[in-house]
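**Q** Once you've had a glance at the structure underneath, I'll fire off some questions.
The values are calculated or read from the model by the stated rules, or taken from the named source; none is laboratory data. As the structure is a computational prediction, the values presented were derived from the model and not from experiment. Ideal geometry is used to build each Cβ from the backbone, glycine not excepted, and the neighbour counts take in all protein chains shown.
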Amino acid sequence: MTTKGRGTRALSAGRIIAVAVAAALAVRAFGVDLVIVRGDSMNPTIAPGTVALVATSAYGLRLPLSGRYVCRWGEPLPGEIVVAEIAAGSHRRSVKRVFEVGPAYVNGNDGVLFARGGIISSADRMMASSSFVPPGYLFLVGDNAEVSLDSRKYGPVPIEKITGKVLLYIRGRSGEELQTAPSKDAADDVDR
């Protein structure tokens, strides 16, 4: 005949749910996140409706509620695709490509921009000359220059605003347009 010891407790449904929620929040805050991309600024690389796997700890550990880095071990490199919180005081996120990392110059000539992240043509001639990217800032651009609202309009973005690095993305089937409902987990491209 076996008896239960005094130190053992039965697992209740409430405890199991609490542990599962805590584990999910920890994975999201310190590991990976899934986002649904809306908007055309990264088209054709990342089309609207694409699901992206984002490494939230690619550049360091951030506090979950404040978003500030506790410890940073890297920074984005030119050419990488990142998720950033662009608007101050908003939790809207944008998926953009790192075009330059400060301190550096983004050079412009007749609507064409040159930096370590590549070459991009710009329909507007605003960037006709060089633009300085200060230390601790990034120049972010969308792959679809005609519709992307990016650093060409709002300027360099602090590295602290980067919430993760896109590791991979999965599109829907060809020709199939995915319908997505607005969600706090969706990453808007903040297109015009």
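**Q** From the residues in the range 73-128 that are assigned to a loop (DSSP other than H, G, I, E, B) and touching a helix residue (DSSP H, G or I) at 6+ places or on another chain (Cβ under 8 Å), which one is modelled with the highest pLDDT?
**A** In this case the residue turns out to be Pro76.
**Q** Inside the range 83-96, can you point out the residues that are at negative phi and out of contact with any Leu (no Cβ under 7 Å at 6 or more places or on another chain)? Steps first, answer last, please.
**A** We begin by selecting, within the range 83-96, every residue at negative phi; these are 83-88, 90-96.
Selection gives Val83, Glu85, Ile86, Ala87, Ala88, Ser90, His91, Arg92, Arg93, Ser94, Val95.
**Q** When the residues of the range 139-165 are narrowed to those that are within 19 Å of Ala47 (Cβ to Cβ) and of a type in the set (Val, Ile, Thr), which ends up surrounded by the most Cβ atoms within 10 Å (Cβ to Cβ)?
**A** Val141
**Q** Sort out which residues of the range 58-83 are surrounded by fewer than 16 Cβ atoms within 10 Å (Cβ to Cβ), within 21 Å of Ile36 (Cβ to Cβ) and in contact with a strand residue (DSSP E or B) (Cβ under 6 Å, 6 or more places away or on another chain), and write them in order of number.
**A** Correct list: empty.
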